[in-house]
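Accompanying notes for the structure given below.
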Amino acid sequence: MTRPSVAIASLGGTISMTAASAGAGVTPTLDAAQLAAVVPGLTQVAEISAESLLQLPSASLSFDHLLECLRWAEAKVDAGAVGVVLTQGTDTLEETAFFLDLYWDRPQPLILTGAMRTPAAVSADGPGNLLAAVQTAIAPGSRGRGVLVVMNDTIHAARWVSKADALSLHAFVSPDGGAAGRLVEGRPGYFHGPAKRPVIGRPQVHTVRVAMVEALLSDDGELAELAVQAGYDAVVVAAQGAGHVSFAFAERISRIGNTVPVVIASRTGGGSTAEHTYGFVGAEIDLAARGALLAGWLSPRKARLLLRALLAAGMPRAELGERLKKWGKLPDFIPDAAAGH
Ligand code: GLU
């Protein structure tokens, strides 16, 4: 029987990290072929091609790196791969997944995975995660779902996934609506059909920088204004609760908004910004009246990536609000799970 073909590329991260000597810290060293070689049964599941694109800790991945990965993944599915898998560090996985998802317009699944434990650790999770990622990549039910994160036998949509623990095997969660699916005995299953996903045109301007500043207790928002003075093109405020800042921060948002777009997202780690509940100075109604845009269900990190992608695609400021609304709301699911694009 012909096996489906899956392309794997490695970018670095803990899944690939070894120590040069006892007691030295681990760094990325293993390439994609070495990662694939230690996964029992992998080549029975699919015909694997393995390439190393980068060997980096994920904190040092850049937008340009990810655009390269995107081109690589597109070339692989165009050449017949039923799905592609990227292995990388988990530290920025929720951001890289969302970034790639903004642009991925193919029905084939683009899967990201990694490891919380190094290859030398007792019960290293990398091989199991890679196998699960490939099993997810070949499943017909994974089509049309955009970019997926597979960790710990759980499948998350890039739109909702978050790293919520520094070292636990159960670090990845989708705090708002839960995981998209799970793997049982090597078979992925989904809790609901794929969601409709708008995608964005490729960046025209590569120099766009969007700052993200957290609103804190007894905080007048000066850092947000300094970011604008330093040349940032937009600011996302990780605001308190449902989208709230102090009186002084609110004044600052009015001033900043005269120069660049300001987006208000909730720093809580779950839930949406409110629209018309709170009437105090610095609350969502006041901030919207000052010209700030509300991120809805987008986390501050994801709002930053979306805003950056929209500005980099040349979107005029007047249209940002509409686009944010589209991305910041709960998804419309496509009823037939077999639906592709
Ligand atoms: N915890 C990270 C990982 O799982 C460390 C390094 C990185 O993100 O590259 O890979």
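Where a number appears in this text, it was derived from the coordinates with a stated rule and is not lab data. Only a predicted model underlies this, so the values are computations on that prediction, with no experimental measurement involved. We place every Cβ from the backbone using ideal geometry, glycine too, and count neighbours over all the protein chains shown.
One table, with the values for the structure above:
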quantity: Whole-Å distance, taken between Cα centres, linking segment 140-172 and segment 249-263; calculated: 34
quantity: Normalised contact order of segment 147-259, rounded percent, pairs of Cα under 8 Å and 6 or more residues apart; calculated: 17
quantity: DSSP H segments from the chain that extend 20 Å or more along their own axis, Cα-based, with Kyte-Doolittle mean of -1.0 or above; calculated: 63-78
quantity: Beta bridges by DSSP in the chain, antiparallel share as percent, to the nearest 5; calculated: 35
quantity: CD proxy at 222 nm, helix term only [per DSSP H run n ≥ 4: -39500 (n - 2.57); per residue of the chain; nearest 500]; calculated: -8500 deg cm²/dmol
quantity: Proximal lysines to Lys163, defined as alpha-carbon separation beneath 20 angstrom and excluding residues fewer than eight positions away on the same chain; calculated: Lys302
quantity: Ranked list, fewest to most other Cβ atoms within 10 Å of each Cβ, for Thr268, Thr14; calculated: Thr268, Thr14
quantity: FRET efficiency for Glu319 and Ala230, using Cβ-Cβ distance with R0 set to 30 Å, rounded to 0.05; calculated: 0.75
quantity: Residues with amide H under 5 Å from that of Ala180, placed H, sequence gap 5 or more; calculated: Ile155, His156, Ala157
quantity: Reach of Lys325 by Cα under 16 Å, taken over aspartates and glutamates that are not fewer than 8 positions away in the same chain; calculated: Glu275, Glu284
quantity: Computed log₁₀ I(q)/I(0) - Debye formula, equal Cα scatterers, no solvent, the chain, q 0.07, 0.14, 0.16 Å⁻¹; calculated: -0.30, -1.09, -1.31
quantity: Segment Arg182-Val38, extension gain: residue separation times 0.36 nm, minus the distance between their alpha carbons; calculated: 49.5 nm
quantity: Least to most buried among Met1, Met151, Met116, Met315 (fewest other Cβ within 10 Å first); calculated: Met1, Met315, Met116, Met151
quantity: Packing-based exposure ordering (other Cβ within 10 Å, fewest first) of Lys326, Lys76, Lys302; calculated: Lys326, Lys76, Lys302
